[in-house]
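One structure below.
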Number of protein chains: 4
Amino acid sequence: MRTDARRNREELLRAARALFVERGADVALEAVAQRAGVSIATLYRNFPDRSALVRAIVLEGIGSMDRAARRARDGLAEDPAGAWRTFVETAAGLQAGVLMPMLVPMLPDLATDPELRRARDAVVDAVRDLVAAAQRRGQVRSDVAADEILLLIMAIARPLPALPQEHVPEFIDRALAVAVAGLRPGSGPALPGRPVAMRVPGEECADRPGE
Amino acid sequence: MRTDARRNREELLRAARALFVERGADVALEAVAQRAGVSIATLYRNFPDRSALVRAIVLEGIGSMDRAARRARDGLAEDPAGAWRTFVETAAGLQAGVLMPMLVPMLPDLATDPELRRARDAVVDAVRDLVAAAQRRGQVRSDVAADEILLLIMAIARPLPALPQEHVPEFIDRALAVAVAGLRPGSGPALPGRPVAMRVPGEECADRPGE
Amino acid sequence: MRTDARRNREELLRAARALFVERGADVALEAVAQRAGVSIATLYRNFPDRSALVRAIVLEGIGSMDRAARRARDGLAEDPAGAWRTFVETAAGLQAGVLMPMLVPMLPDLATDPELRRARDAVVDAVRDLVAAAQRRGQVRSDVAADEILLLIMAIARPLPALPQEHVPEFIDRALAVAVAGLRPGSGPALPGRPVAMRVPGEECADRPGE
Amino acid sequence: MRTDARRNREELLRAARALFVERGADVALEAVAQRAGVSIATLYRNFPDRSALVRAIVLEGIGSMDRAARRARDGLAEDPAGAWRTFVETAAGLQAGVLMPMLVPMLPDLATDPELRRARDAVVDAVRDLVAAAQRRGQVRSDVAADEILLLIMAIARPLPALPQEHVPEFIDRALAVAVAGLRPGSGPALPGRPVAMRVPGEECADRPGE
DNA sequence: GATGAATGAGTGTTCATTCAT
DNA sequence: GATGAATGAACACTCATTCAT
């Protein structure tokens, strides 16, 4: 029975991740359960709340992104261009990476979640480390901040309704190549304005009144 | 009272545009009405349908984008870099331009609307013209398609939940600068794969089943 | 101006009568105004209330039925069968006759209306007179009450959704012929039970709770 | 809990049938749910649509009418008058039989439903058989069509607002007795015009524009 | 542990009625 | 006197969530 239960949980996560990406974060939970092949009540047994489901997905995604950043930083010494490029692609490929910023601010309850907080701080640190190293190695222009790179990756990797599903991966590849080129030192004039930072969940949630 | 009515209509459009951008095209219409300072029934008097509201916004946006593309093409002779950069920024600044592809495929009723169809074809042609001219003038690498540039602009200009509202314009400026740099000829290795085209509304709507 | 106003009132009544018959007594008042070629506000100037509109139609119909009953009674001496048959057909032809029972119980406010009360009493008396005379003349079996005859006519003349519009008059003619035949003295065994009376508006309205 | 659910479904059907008869097919579904003692959402769980509810009632009713017609035809040999009279009364007593023609043309979705179509064709055939047999046995005049008899029964059995609820059964009995008498061979002069047919659902729905 | 069923609260949409011009 | 516009309240339908089995 333990095995079945674990399988259910996995299926639910997989289904939720896919549907969140495909149809946005407000899919009917019933649709998630159906895609996972279980009843809606089973979903609720595993995740007492929509929040809980989102939380699990976000944690997973943060973990993967964290590992990718550390791996890339360690690889920079041997193959700077390759390691950097690989990181960008891996980050974009992580649906969870895409989902994280989409989902986190949506859920005020999660803002105070200490585990989430810790994981988030870790991944942000890891990416900052990596970007700093990449800048030292000449892969990345120095007037851009780590957060901005993450934001750009996420902007590109998020699904655009105008883009047919079957072309999504190809478009993401090509757009990321443009971004990586534009992020090279000397690829253009200095960026306007000052670096921008991501929202820290739990702080500025009040600026979306009525939501 | 004719004046008041027109003001209401304007307010409704403004509110809808803002909310569609901020929260996606499925905001509660009640929220739109509230933001415009009128009752929900007044919204329905002006726009008999959610479709009608979206349609009005999309048409507006398509028109603005069309004008921007024509203006830019005419300006390329005098100041290639400036005209191109201005177009990119104007396009990104047009929330409506951003909304067009976001909204059109979302509403099957609009797919067959002939006026919308015509306006869309016109803007796509105008942008293709512009991009071809910009490529001849050396502003844009030649292995990228016009559609992809629009998609990239849209990806960047769409609000990311992880980005605090007050930093949105600054981030968009900076990310676009990166994109424009990456789009320069010679800014990096050839793009992988083949150019990607936008969805033509009314054709592939079936690939988002259940939505 | 007085002329225009009167014309508006007439048009409104005509439109309301037609639409009540065609689509039931709960048509949108806006549809009535539109059919009459005036604005909804004009309808409300003429009839402060849905009740007022119904009241006017009912009064008109009652008057016509009253005249038909008196005319028939006076004609019985000369041509009993013809006068009786003509009354039945005239009553069925009066949309007002059809509408009266449909509309009256629907409007508790009208129950206490003295003018309506008076008109109603008059028409009931006239029909009772007529039926009594017809029974004396051998046109109508004696175990049936005047109210029942009115009810039967109304039941037959009311539009049945299953009957295509274009066959309505023919069906009514044929069904009334069956009814007239069945109402002849000696056409069949005695009727079961005891005669039934129509609802007197304002008395038993409480038996349709929740409406 | 399977038991409770079935009970709910039954209650919903019972409530809907009663309310459709009493107040027409456009009652608030909320009222149906309330009468059945369940929440509106439960109604929707059982019947995804107003159509589905109507469909269930209509199918039930068609089935009962079909059985009554077959039984009556088989009984004609032994007791022609009794079997015929019993059929007429049973048909009138079947609120569902009454509802069938009332409801079907009202819902375009149902017009093309094949199961409904088949059931309808079956009952119409059965009634035509029965009427033909009754005409051969001398119970029914030969210048009337089966459809017209059904229409007449329905016209009589539908509730008239002018008739107090408690007198409805008695009135129906008496009016049907009049009708049966009028339908006897030789009960009166030939019917005017030509026989009329019921609307075949799905064909002439267009003649009620705007409804 | 898993399920089908039930529900309260929300959203889209319509309509009777009122008001400012 | 006539109108277009505005509104509150109703109704259809959906969904997150809870409960009894």
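Measure off 7 Å from each Cα along the Cα-to-Cβ vector at residue D:112 and residue D:129, then give the distance between these two points in nanometres to one decimal.
Modelled inter-label distance: 3.1 nm.
Roughly how big is region A:1-48's charge dipole about its Cα centre, with Cβ charges of +1 (Lys, Arg) and -1 (Asp, Glu), in debye to the nearest 20?
On the way: 9 positive and 6 negative charges, 47 e Å.
About 220 debye.
Starting from the Cα of residue B:194, step 7 Å along the direction of its Cβ; do the same at residue D:71; then give the gap between the two resulting points in nm.
So the two model labels end up 7.1 nm from each other.
From the label point of residue C:81, set 7 Å from Cα along Cα→Cβ, how far away are the matching label points in the other copies, in nm, ordered shortest to longest?
2.5, 10.8, 11.1
Roughly what would the spin-label model give for residue A:122 and residue A:39, points 7 Å off Cα along C-beta, in nm?
3.7 nm
Mind putting a number on the dipole of region B:50-189 about its Cα centre? Charges go on the C-beta only, +1 for Lys and Arg and -1 for Asp and Glu, and I need it in Debye to the nearest 20.
Numbers: 17 positive and 18 negative charges, 35 e Å.
Dipole size: approximately 160 debye.
In Å, what is the Rg of the alpha-carbon atoms in region D:33-96, and how long is Dmax?
Gyration radius and largest Cα-Cα distance of region D:33-96: 16.8, 51 Å.
Send over the semi-axes of region C:1-48's equivalent ellipsoid, whole angstrom and largest first, taken as the square roots of 5 times the C-alpha gyration tensor eigenvalues. Don't skip to the end; give the middle numbers.
Details: eigenvalues 69, 22, 12 Å².
Equivalent ellipsoid semi-axes, largest first: 19, 10, 8 Å.
Distance in whole Å from the A-onto-C rotation axis to the closest C-beta of chain A, together with the residue it belongs to, please.
For chain A, the closest residue to the axis carrying it onto C is A:28, 17.
Expressed as an acute angle from 0 to 90° and rounded to the nearest 10, what is the orientation of the C-alpha long axis of helix D:2-23 relative to the principal long axis of chain D?
Compared with the principal axis, the helix lies near 60 degrees.
Plugging the Kirkwood radius over Cα pairs into Stokes-Einstein for region C:55-198, at a temperature of 10 °C and a viscosity of 1.306 mPa s, what D comes out in µm²/s? Spell out each step's value before the answer.
Details: Rh = 15.7 Å.
Rounded to a whole number, D works out at 101 µm²/s.
So the label point sits 7 Å from Cα along the Cα-to-Cβ vector; using that for residue B:114, what distances do you get to the other copies, in nanometres, sorted shortest first?
Result for residue B:114, in nm, nearest copy first: 3.6, 6.4, 6.7.
What nm distances, shortest first, do you get from the label point of residue D:31 to those in the other copies when the point sits 7 angstrom along Cα to Cβ?
Distances between equivalent label points, in nm: 1.7, 3.5, 3.5.
By how many degrees, between 0 and 90 and to the nearest 10, does the Cα long axis of helix D:114-136 differ from the longest principal axis of chain D?
20 degrees
Could you please rank C:10, D:60, A:148, placing first whichever residue has the fewest other Cβ atoms within 10 Å of its Cβ?
Values: C:10 11, D:60 18, A:148 24.
Going from sparsest to densest Cβ surroundings: C:10, D:60, A:148.
How big, on average over all directions, is the shadow cast by the Cα convex hull of region B:120-178, in nm²?
Details: hull surface 19.4 nm².
Mean orientational projected area (region B:120-178, Cα hull): 4.8 nm².
Quick note: the coordinates plus some simple rules give every number you see, no bench work behind them. Quick caveat, the model's predicted, so the values are computed rather than measured. A quick note on method: Cβ atoms are made from the backbone with ideal geometry, for glycine too, and the neighbour counts reach across all protein chains shown.
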